[in-house]
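Values quoted throughout were computed directly from the atomic coordinates according to the rules given, and no laboratory measurement underlies them. These figures come from a predicted structure and were not determined experimentally. All Cβ positions, even for glycine, are placed from backbone atoms using ideal geometry, and neighbour counts span all protein chains on display.
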Amino acid sequence: MIKLKNTATKKLEEFKPINPNEVKIYSCGPTVYGYQHIGNYASYIYWDLLTRTMKLNGYNVKRIINLTDVGHLTSDEDDGEDKMEKGARKEGKTVWEIAEYYIDDFIKNYKLLNLLLPDKFCRATDYIEEDKKSVQTMIDKNYTYETEDGIYFDTSKFPEYANFARLDLEGLKAGARVDFNSEKKNVSDFAVWKFIKPGEKHAMRWDFLNRPGYPGWHLECSTIIHKELGEPIDIHTGGIDHIPIHHTNEIAQTYAMTEKPLAKYWLHCNFITIDNEKISKSLGNIYTLQDLAEKGFSPMDYKMWVLSGTYSGTRNFSFSDLEAVKNRRKNWRNKIAMIYQSTLKNADGSALETSEKNFKEKILNAVNNDLNSASAFALIDQLPETTSKSIWEFIDELFGLNLINDSPNITEEQTKLLAERKKAREEKNFEKSDELRSKLENTGISVKDTPNGQIWQYI
Ligand code: AMP
Ligand code: ZN
């Protein structure tokens, strides 16, 4: 049984798919105006685990991730400049070049993290015609009104608006900035389409309602889900920042368009902090995966750090913790290295098979409990050195940590040195074998002598 903490009900619920054997998942993706930092990638790592867990439980997964290349303003409240336009101006490039560059960078890193590709990455700008249809439907159904700067969703027309995020609309009203968009009827109303005023610089523009404009940020997700998956989907994912505005607005739009709920289960990951601070430009603590690589940590070390906690818990990143996780990963790889070198044969094959099956079930059960990879990792730590390769294959399938692919990856030179050392020992030339041991240590592996011969390990 899979249990998930559903933001919509605030409860840990048993997962029951809408259609038998099928799970439709939509994950809100990146805004492609700059490099994604390690906090952003944590969210995709958690949802990769969700996807892999569903697959190992026998479900066919249909999954979409969107790429926001238009309309995400510097404030989530229809305020400020379009992040894409700002990014392009800063770099002296066109918005289209900026989008292309950062989409490529995102997908490159996504693959380096060995995250399962979704059925489709959907670019917001590929859905403009569908967006227009979405807006037209909302206009026709009287959910919107027009202001000088766009078409706004009238949240008072959707009485459940405050429910999802348990918003205090009265409190919001009291705290609203007085200078901001006096044409808005309710403080929570939001733009579904923005107009471009004469003289306003906005390179991405489409004609609609007899003037140039572009979609409001929240619209793309409702439109893409409508076109690609159909409502309601099983699981919608995002970060906790999406709860009060972005996802609340997606739900309102989709209801207005289709009279259906958007998703059955909503999962939101907590934010990663660094040295207990928010990840932000002003604090200068924005690390990318490349920054970690320069400090000697692979994308897999980082992925393993993320999965050594849980998506809903608070997570604080530090390099000392990452170092500890790197060692933990090395220990696991050493266990795999032992399997490759082991000449031991397990006498009772059937007993081994039963314990293997039990072990796989235990790991999957741990993860089925609201993606608790942390408790699954504690079980893996206890695996003896003489387990079978198939357990590690299962672990790799579930977590995508490339443990087997990366082990044993000793070089030709190391293989040669090991053979020479074996020969030296056979010839009882211990001086030479010790010399070869230190040579091997300089290349990153240690050697120990066992009754079954020499065994190497990653240092
Ligand atoms: P963005 O490109 O800003 O739209 O963010 C992409 C994804 O990263 C969103 O799902 C955010 O919720 C998520 N995110 C942003 N910052 C963090 C963080 N510090 N920790 C975890 N997830 C984050
Ligand atoms: Zn979204």
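Structural remarks
- Positive-end extreme of charge dipole, the stretch 18-269 - chosen from T125, I151, L172 (charges on Cβ): T125
- Separation between Cα centres of the stretch 103-125 and the stretch 128-143, rounded to whole Å: 29 Å
- Estimated purely from DSSP H runs of n ≥ 4, each contributing -39500 (n - 2.57), the mean residue ellipticity at 222 nm for the chain is -13500 deg cm²/dmol once divided by its residues.
- Cα shape, the stretch 18-269, gyration tensor, a/c 1.5 rule: oblate
- Whole-number D in µm²/s for the chain (Stokes-Einstein; Kirkwood sum over Cα pairs; 20 °C, 1.002 mPa s): 86 µm²/s
- In percent, rounded to a whole number, the relative contact order of the stretch 62-205 is 25, using alpha-carbon pairs under 8 Å and six or more apart.
- FRET efficiency, N142 to K389 (Cβ-Cβ, R0 45 Å, nearest 0.05): 0.10
- The chain: angle of helix 430-442 to the longest principal axis, Cα-based, in degrees nearest 10: 10 degrees
- Rg/Rh, computed from the Cα trace of the stretch 412-458 with Rh as the Kirkwood radius, has the value 0.92.
- The label point for A176 and the one for K197, both projected 7 Å from the Cα toward the Cβ, are 1.9 nm apart.
- Kirkwood-type hydrodynamic radius, the stretch 289-406: 15.2 Å, calculated from all non-identical alpha-carbon pairs.
- Rounded to 5, percent antiparallel among DSSP beta bridges of the stretch 18-269: 45 percent
- Pair E361, T411: separation of 7 Å Cα→Cβ label points (nm): 4.6 nm
- K185/N442 FRET efficiency (R0 60 Å; Cβ-Cβ; nearest 0.05): 0.25
- For K362, K108, the sequence from fewest to most other C-beta atoms within 10 Å is K108, K362.
- Of all DSSP bridge pairs formed entirely within the chain, close to 55 percent run antiparallel.
- The stretch 58-65 - phi-based ³J(HN,Hα) in whole Hz, Karplus 6.51/-1.76/1.60, Gly and Pro as x: x, 8, 7, 9, 10, 9, 10, 10
- Note on the stretch 206-341: semi-axes of the ellipsoid equivalent to its C-alpha gyration tensor, largest first and rounded to whole Å, are 39, 20, 15.
- Virtual spin-label span in nm between E129 and L117, 7 Å along Cα→Cβ: 2.5 nm
- Under the criterion of Cα pairs below 8 Å and six or more residues apart, the relative contact order for the stretch 289-406 equals 33 percent.
- Angle between the chain longest axis and helix 349-368 axis [Cα atoms, degrees, rounded to 10]: 30 degrees
- Relative contact order [Cα under 8 Å, 6+ residues apart], the chain, whole percent: 17 percent
- Calculated SAXS-style log₁₀ I(q)/I(0) at q = 0.09 Å⁻¹ - the stretch 53-184, Debye, Cα scatterers: -0.43
- Close amide H pairs (under 5 Å, H built 1.01 Å from N) link E22 with N60, residues at least 5 positions away or on another chain.
- Kirkwood Rh, Cα atoms: Rg over Rh of the stretch 160-233: 1.05
- Residues in the stretch 43-87 that a label on E397 would reach, taking backbone N under 17 Å of a point 7 Å out along Cα→Cβ: 49-61
- Extent along principal axes [Cα atoms of the stretch 1-122; Å; largest to smallest]: 52, 31, 24
- Cβ-Cβ FRET estimate between K295 and L56, R0 fixed at 35 Å, reported to 0.05: 0.60
- Of the GluC sites (Glu not before Pro) found in the stretch 159-224, those in coil by DSSP whose Cβ has at most 15 other Cβ atoms within 10 Å are E160, E183, E200.
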